[in-house]
1. Please give the per residue volume of the convex hull enclosing the alpha carbon atoms of region 1-76, rounded to a whole number of Å³.
2. Figure the gain on full extension for LYS111 and LEU205 (residue separation times 0.36 nm, minus the Cα-Cα span) and round it to one decimal in nm.
3. Could you check the simple spin-label distance between ALA184 and ARG81, using points 7 Å along Cα→Cβ, in nm with one decimal?
4. Report, to two decimal places, the Cα Rg of region 172-224 normalised by 2.2 N^0.38 Å (N = number of residues).
5. In whole Å, what are the extents of region 19-135 along the principal axes defined by its C-alpha atoms, from largest to smallest?
6. Between SER25 and GLU51, how many nm apart are label points set 7 Å from Cα along the C-beta direction?
7. Please work out the C-alpha center-to-center distance from region 58-89 to region 156-203 and express it in whole Å.
Amino acid sequence: MNGDVGAPVRVLIVDDDALVRAGLSMILGGVPDVRVVGEATDGAEVPAAVEAYAPDVVLMDIRMPRVDGLTATEILRALPRPPEVLVLTTFDADDQVLRALRAGAAGFLLKDTPPAEIVQAIRRVAAGEATLSPAVTRKLITHVTAPAPVARDPRRDRALRLLDGLSDREREVAVALGQGRTNAEIAAELFMSVATVKAYVSRLLTKLDLNNRVQVALLVHDAGLA
């Protein structure tokens, strides 16, 4: 995450399509608080590019010829101080997107997202926020909570076990995250300040050993609580 107040958000663009890279560079080039520091054309190039350019946010395509964006995301999020990852995709309810989010991506953008929303999403990710809108979250809920097989579901059991270790208030915040609520919405709904909500989110990430609020939301969905 970008820690220097006033410093532009450093962005690395990863996409095998030269037109997409050029379009994103053009969009971001005129934004004073965002700086494109480099590009990569395949997931195989990402670790070296991150080391060379030290981005705050990586815009990561999913489908690339050698190493896909999902594998690259998993590799990056395993680093001691990883950049945030914002996945680029043409599908808004895709198994691959779910895998990316579980790997620690902060969210995703559709490739036809309006330029202003792309910029805002980058700012939010750099500030530690997720980029899943409630509408997208509902689609992911449908995907995650499809009819379960008759056999016992280890993922659901694990999610319930982890959530059972939370206090009542922590659980309320976690469920609100699972419903796609923003910090401001959670604050209003649970009658607390936004700063208190942020503190609860940080506590949840620590207690649940997760990377970001998106993973908390997925855990809540796995448990069948949202």
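1. Per residue, the Cα convex hull of region 1-76 comes to 72 Å³.
2. Values: separation 94, 0.36 × 94 = 33.84 nm, distance 2.90 nm.
Length difference between fully extended and current span is 30.9 nm.
3. 3.2
4. Details: Rg = 10.2 Å, N = 53, 2.2 N^0.38 = 9.9 Å.
The reported ratio for this selection is 1.02.
5. 35, 30, 28
6. Inter-label distance under the simple model: 2.3 nm.
7. Taking the Cα centre of each part, region 58-89 and region 156-203 sit 27 Å apart.
FYI, it's all coordinate maths here, none of it is from the lab. These numbers were taken from a predicted model, which means no experiment stands behind them. Every residue, glycine among them, receives a Cβ derived from its backbone with ideal geometry; neighbour counts consider all protein chains shown.
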